[in-house]
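Notes follow once the structure below has been shown.
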């Protein structure tokens, strides 16, 4: 399954309204770190990521076995992102299943992140547990510090 992203990049970034950040009922009990952490922590993660990639930040999301929660979506991508979030969630869960296999195959320690680079998008996928993790998308073409993105997400997860 492949997902293509088509968007313009002329509009400024923004955080979603506070009601968008609330956990939908179908995510309760899915084992996500935010069960303990509050929205202030989520806002801090988004702020950290914005300071790393600036206006290139497209999407910040977390997922669990039962759903996908958008923490941030750039304004020009809101409708499109919500329209494909179920398919992205399914893909992220499937990729996460392969984490242990890849760690065993490469014998190089823990897998921290996978990165998919498209013509217009660099997608960072962080598997944080069985069927759960984070997704950070940013425009390609700019200076993207993948190590800094990884550290920001891991700092959030490790609390």
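Every number here is computed from the coordinates shown, using simple stated rules; none is lab data. None of these values were measured; they are calculated from a predicted model. Because the Cβ atoms are built from the backbone with ideal geometry, glycine has one as well, and the counts that use them run over all protein chains shown.
Name the single residue that is surrounded by the fewest Cβ atoms within 10 Å (Cβ to Cβ) among those in the stretch 118-151 being farther than 16 Å from residue 48 by Cβ and in contact with a strand residue (DSSP E or B) (Cβ under 6 Å, 6 or more places away or on another chain).
Ranking the qualifying residues of the stretch 118-151, first place goes to 140.
Could you check how many residues of the stretch 118-140 are part of a loop (DSSP other than H, G, I, E, B) and under 21 Å from residue 78 (Cα atoms)?
Summing the residues that are part of a loop (DSSP other than H, G, I, E, B) and under 21 Å from residue 78 (Cα atoms) in the stretch 118-140 gives 4.
Mind checking whether some residue in the stretch 142-152 is out of contact with any helix residue (DSSP H, G or I) (no Cβ under 7 Å at 6 or more places or on another chain), free of Cβ contacts under 8 Å to residues at least 40 places away in the same chain and part of a loop (DSSP other than H, G, I, E, B)?
yes
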